[in-house]
Every structure is written in C-alpha cells, then in structure tokens.
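Taken together, the values in this text are just the output of simple stated rules run on the coordinates, not laboratory data. Since the structure is predicted, the reported quantities are computational estimates derived from the model, not experimental observations. Don't worry about glycine lacking a Cβ; one is built from the backbone with ideal geometry, like all the others, and counts go over all protein chains shown.
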Amino acid sequence: MAKLKGAQILCETLIKEGVEVIFGFPGGAVLPLYDTLPEYPQLRHILVRHEQGAAHAADGYARASGKVGVCFATSGPGATNLVTGIANAHLDSVPMVAITGQVARPFIGKDGFQEVDITGITVPITKHNYMILKADDMARVVREAFYIARTGRPGPVLLDIPKDVFEEEVNYKDSEPLDLPGYEPTFQGHPLQITKAAKLINEAKRPVIIAGRGISISNAYEELKELAEKAQLPVINTLLGIGCFPESHILSFGMLGMHGMAHANLAIDAADLVIAIGMRFDDRATSKIAGFAANAQIIHIDIDPAEIGKNLKATVPIVGDAKNILQSLNQKIESNTHTKWIHQIEEWRQQHPLFTVRKSEELLPQYIIRQIYESTNGEATIVTGVGQHQMWAALHYCYDKPNTLISSGGLGTMGFELPAAIGAKVGIPDDIVWAIAGDGGFQMTIQELATIAQEDIAVKIAIMDNGYLGMVRQWQEMFYDRRYTATPLAGPDFLKIAEAYGIAATRVDSKIEVIPAIQQALNTPGPFIIDFRIEPEENVYPMVAPGTNIAEVITDPRDRSILPEKAGNIGSL
Amino acid sequence: MATMKHTLIMLVQDRPGVLNRVTSMIRRRNFNIDSITVGHSVTPGFSRMVISVDGATTAVEQVRKQMDKIVEVVKITDITNENIISRELALIKVESTPSTSQEIIRIAADVFRANIVDLTPDSIVIEISGDEDKVNSLIELLRGFGLVELARTGRIAITRGELGPLQKHEQEIRKKPKTQKDKKSKTAKK
C-alpha cells in the first residue's frame, strides 16, 4: 500500500470518479493541491478570473454534459466567492462538487488569515458538506461527496480541506465502503400509487402534463414522449423543463408561468388533471398558488419527497425516479385521444398569438433570437443570463433536444451566462454554444472573457444591449409608473472591451445587420461577441402580474385593465 | 389534528455539526419548534433527538420530510399518535420566606411528589419530572411565590410496548456491517 499525500489521494479519487475538467482559482490554502495537479495530466484545470466564474462554469458543464461539475477555490474570500454559484446549483438541482482550501488544522476557529467558516455558511445551500480533518478520510469522503451530488435529487456538495491535510501522508486505501446510513434516495415508485395515477389519467377529460427539469436529470425523454403520445396528453413545461419534450412536437404547448404562453396557462386553469413530473410548483411557474389548477386533481411525480405537498397538495403523490416511474405508468395507461380538449387549447393559441414577432423595422430582441435559431437550425445550446433576454431566449427559440437551454431558474443569477457557457462548451465541445446576455448581467462576470481568450473557448456571445436593467425597468414601467430608479445603465463600449481581451466582435445597430453578424459569428472560428443595440424599452410578453391567477395573462402591452391597482401588494418579486 | 403538539423522534449519525444542520433547517424553513433534546442512543455512533412541534402553526409533515433530507438523519418518525410515554425534567428555584416555605414544600412534595433538592432561608430548589402538563402545573402554582430561575430539559419520549420503526431501524444498524454499494434503493414508502 503506497503512502500518498492528501492532495494526491484527492486527485486519484477525482480521476476514479470520472472527473476530466476542473474550474478553479488558486490561493495560499490550496497551493499544495495545485502543486500536485501536474502529476495528474488527466485532470484538465481551467483557470477562471473570479471564483464565481468557476462555480457557474462547473454548473454549466454539469448541465450540458450530464457529469458532476467540479470547482476549486482557496480559503476565505475564494470560498465565499463560490457561494452564489453553489446556491445557484442547489436551487436548480445541479450535481457539483466544490473543493475549498482551509487554513491548517491548528489555526481553525481562531480567525486566521483568509479563514472563513465556509462549511457553516454553506449548510443551507448545499446538499451536504464536509470538512476533511484527516487525510485518512479523504478517499472515502470524496467518493461519498460524488455519490451524494449525483444521486437522488442532484445538488452541490462542498469539501473544505485544511492545507496541512493536503500535505499529510497516509497509506492510501481506496476501497473503503461509504458510510451513509441516512442517505437512501427512493428510486422506484410505489406500484399502488402508479395504478391510482393510471386510473386518473385514463378517466380524465382535460388532462395536461407539466414537465420540469426532473425529466432531463432522469433521462426520461423517451418515456415522456411515449406517455404523451399514447394517451394524447398536452405537454407544458417549466423554464427548466424546456427541451425535455420537443417543442416542435404537435403535443407541445410551451412554457407556463409568469412569462409563459397564454394558451399554456389557460389550459392549466381549465384542466381536470395535472400530471406534474420533475417540477416543484415554483412561484414563477404557478403565480398565485391559491387557485392554481383549481379545477384539477394533481398527480405529482418527484424524486424528492419533501417537494410533494410543499407548495401544492397532491391527489396522487409518487416518489421516485421519473424514468422508472414513467416506464411503469406507460404500461398501465390506455391509449386514448383528447381531440376536443386539444382543439380548445389550439383555439386559445390562435387567440393569443405571441409566436409572431410584431412587424417592426426596429431592432427587436425576439427577431434576433429567431435568427439565431434559424442560422443554427435549432441545434445550438443556448445559455442565458437572467432578465428579459432570458425570457425572450426561452420563448422565441424552438428547443427540440434536452439540455439545449441552460438557464438559472431558481436563484435567477445575473452573470450566469458567460461562465456557464464556458462550462457548457467545455462539456460539449462539438456543439455550438451561444451565450445570450443582457448588458447588465454581462458586466457581473465579464472578467471571464479572459478565460475564453486564454483557453480559446469558442463560445458565441450575443449581448442584448438596451442600456437598462431590462426586467427591473419593465416592472418599474408596469407597476411603478415608469419611475426608472437605478435602472438606466451607461454601459461600456463592448467592442473596445472585446478588443482589450483579444476576442473578435461586431456591433449591430439595425435589423438588416442581424443575419450577416450571426453568420460572421458562426463562420469565425473561436469566440465571437455581437453587441446588439436593441430597442431600449421593449417588454416581455406574455406576462402574469405577481399575485394574480395564472390565467390572467397580459398579452397586449396596451391593456392595463388587468394590472393591480397599486404596486403595494405585489408579494414576492 | 392541527392544534396538537407533535412529537418527532430522530435517529442521527453522531457527527460534528449535526445539531447545527437540524437547527439551521428549522430556522431556514420557519418551523415553529417548542423544544429539541438530543442524547446518545442505544447504538454506538448514533444520537437520538426528540423535537416537539406546534402543529397549529407548522406543517409537521414538511418538518419530517425536510429533516429526512439531512444526510446524517437516518430515520425520523412522528410518534404523536402512538402509545407514548413523554417526560420532562425541571429544576425550579422559587423564592421562599419563613411563612411561605412550608406551603411550597407541601405543594411540591405532597401534592406533586417532587423532590426538594436545595433549601436556603430565601429560596428552595424543586426537582420534578413528569409529563409536560404535570411540570407546567407545578410551575404555574409556584409562580405566585416568585420564581427565581427555571431550568427545563424539554420533552423526551419513547413508545410503549412493541418495537417502533426507529427501534427496528436501530436494531438493523447494529446487526449489519457498514456497506453501501447499491445505487438503486428500496421502494417508496411514507
């Protein structure tokens, strides 16, 4: 049995867990780890420019490739800079292992240089975390961390490792069993529950499926398609569920929620059965929860038992893995048709046509997204930030394949787009990756342009540049009488910034320049930035005002009759 | 029954920071907890927690399910509707004067069968154990004399009679060696 240092054991175990890429930023507490990395050339380390970039890159990498994302940071400020990215991964159920250095063991708890209680800080935002106090525990704990991160409902796991543990030499045992008596994710759904659900599905007159990210995590696309086609069930998805059912499919009825399609929201309101799979009734999706799907019984399929009954009471809860459950369910349901019901939803779609971009010679963001879709044949992976551009990207691109829209849903982190696109491109290098950014959020992680340049990561970047914090401005327009406090942005000249980083770029000021610019971006090897100077006060529609029922969709920008009287009782923003 | 006090018992791995994780979860999810007690369980390496939850203001089922997500929590059960014995220990320091001390001692020792564990010219310390109602009654009766200090443990509870789910689980742990290889798990329950 060889004697190895803690850092070496860590690297050996990472390789055994299938890790190929690490996003990180060095520092004092992780010097021994970084010094060991060159001994393991199978581990590619990508240096970012801010640890938040490392966390988001690991996140984007995980969502695009299906593997566990890994990031390194040093102690103190390095660790705290990861916090936003970890919280983001936690809320969107992304498998990630974050490794932070810590001050040496004798110094812990004494307010040392660059010491911070990162395990304490991350308790509420990680699936689990550890401080590894002995190199003897290293192999087992790292394996436990990966097991916890990727199984059940995926999530981030943080490992805090004191500097002297990296250097401690011990006998390397790699086959110690995991010690997790309290961790047992449920995989198979209860057969009686599945039978009950099948009965409801067979008898329903106006059923809908609401599919979320759980379908992608579980790899259940085929099973979902079979369910929908066999019983002719309309499929509606959440933001994070986009792509888990082909949007060009005749049974796809788009996204629900605050900015969802009107016909999807109306369908849910009128449904008598909602089959919710791998989604958690988040408030952006349901709007006012009291009265959501008021006429429907609810089948709730989720791997996390705590989500069932948390926001909405389920008539038939089924805990377990979506793919597994749908396989059983599909055998128990009957072939069926719902022609009249689907016809009704189609009628609503005709009455509220938002898929047509309004005719205009102004430079409209919806048009730009459409052109990106056309130019890539809908085969790109789109990574968005948060805000208006995120909603336009979700609504105006037709996503047919899973994991082709990567977006921060739960936490809604501005600045997610650039580092996550880096991670995605590294994870799926043969695919085209477009980052869609807003001029506000882009500046939050703009330093990662250096990472793109240094590593030559061929991400195409489209900045929806309107000189505003767009989504906030829209709310100020709709609910605060157009008082634009702290939303106008005197932005930088993005072309000069691109030039400073050594990245090819172009600017688009008018509609006719759009297609040539996109073509230029696609034809230029390597990274490319397009600064689209779009119509400044364009709004995202449809919209459901906060605190109102999901069926009260505002589709006409000039229709102010549905808006609440005062901004006061808006509730959660 | 929404207004009932619920008693949850939890088997947890004895790891540093477990109590922190549990209380952090309580705070973050805004659960209303009456008391929480923890001590070593029968099985080495495991501790047993008893949480009293106010069912009127908190969704007890959510408490149970969110706690279960904590990796170190091995098993959690709501034993409110089982046949349980619940007890609490209190040490009550009450003001006393020559004229009141007799009455205090009579109430404590004769009526409540509590123990007098300290006696000074100005104060008496009474030790009482019993179910929550009994402890509360004594405290209320003594309040009139002037309470100096109150040390309460919070409720612990155990099921009567045959093995409850937690006990069965502990037995299983003690029997088998530590292994964890399967990725798939048992069928859904609860």
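Here are a few things to note about the model shown:
- Distance from the stretch A:442-462 to the stretch A:226-252 (C-alpha centre basis), Å: 34
- FRET efficiency for the B:Ile105 to B:Ala56 pair, using the beta carbon distance and R₀ = 51 Å, is estimated at 0.85.
- Reach of B:Lys176 by Cα under 17 Å, taken over aspartates and glutamates that are not fewer than 8 positions away in the same chain: A:Glu176, A:Asp179, A:Glu184
- Peptide-level mean, for A:306-317, of C-beta atoms on other protein chains within 10 Å: 2
- For the stretch B:117-144 versus the stretch A:274-344, the spacing of their alpha-carbon centroids is 54 Å.
- Loop-located GluC sites (Glu not before Pro) across the stretch A:364-417 with a Cβ neighbour count of 16 or fewer within 10 Å are A:Glu379, with loop assigned by DSSP.
- Per residue, chain B reaches -7500 deg cm²/dmol at 222 nm when only DSSP H runs of four or more residues are counted, each adding -39500 (n - 2.57).
- Pairs with C-alpha atoms separated by more than 24 Å, drawn from the list A:Lys67/A:Lys425; A:Lys323/A:Lys401; A:Lys230/A:Lys401, do not occur.
- Top positive-direction residue, dipole computed over the protein assembly as shown with Cβ charges, set A:Gly152, A:Leu449, A:Phe187: A:Phe187
- Reachable aspartates and glutamates, given that their alpha-carbon falls under 12 Å from the alpha-carbon of B:Lys134 and they are not under 8 places away in the same chain: B:Glu88
- Candidate lysines - alpha carbon under 26 Å from A:Lys110, same-chain residues fewer than 8 apart omitted: A:Lys5, A:Lys134, A:Lys163
- Computed [θ] at 222 nm, deg cm²/dmol, chain A (DSSP H ≥ 4; -39,500 (n - 2.57); rounded to nearest 500): -10500 deg cm²/dmol
- Selection of trypsin sites (Lys or Arg not before Pro), the stretch A:273-350, meeting DSSP coil and at most 13 other Cβ within 10 Å: A:Lys313
- Taking the square roots of 5 times each eigenvalue of the Cα gyration tensor of the protein assembly as shown, largest first, gives ellipsoid semi-axes of 49, 34, 27 Å.
- Each of A:Pro38, A:Gln52, A:Met279 was scored by the projection of its Cα onto the charge dipole of chain A, and the greatest displacement toward the positive side belongs to A:Met279; charges sit on the C-beta of Lys, Arg, Asp and Glu.
- In terms of surrounding Cβ atoms within a 10 Å radius of their Cβ, A:Val103, A:Val48 rank from fewest to most as A:Val103, A:Val48.
- Average other protein chain Cβ within 10 Å of Cβ, residues B:58-66: 3
- Other protein chain C-beta atoms within 10 Å of residue C-beta, averaged over A:186-192: 4.
- In nm, spacing of pseudo-spin labels at A:Arg105 and A:Glu455 (7 Å Cα→C-beta vector): 3.4
- Pairs beyond 26 Å (Cα-Cα), from A:Lys199/A:Lys288; A:Lys288/B:Lys65; A:Lys310/A:Lys340: A:Lys199/A:Lys288; A:Lys310/A:Lys340
- HN-Hα J in Hz across the stretch B:146-158 - Karplus 6.51, -1.76, 1.60, θ = phi - 60°, x for Gly and Pro: x, 7, 8, 7, 9, 10, 10, 8, x, 7, 10, 8, 8
- This model, with +1 at the C-beta of Lys and Arg and -1 at the C-beta of Asp and Glu, gives chain B a dipole about its Cα centre of some 1740 debye.
- Antiparallel content of DSSP bridges confined to chain A, in %, to 5: 10
- Dipole in debye (nearest 20) - the protein assembly as shown, about Cα centre, beta carbon charges: Lys, Arg +1; Asp, Glu -1: 1740
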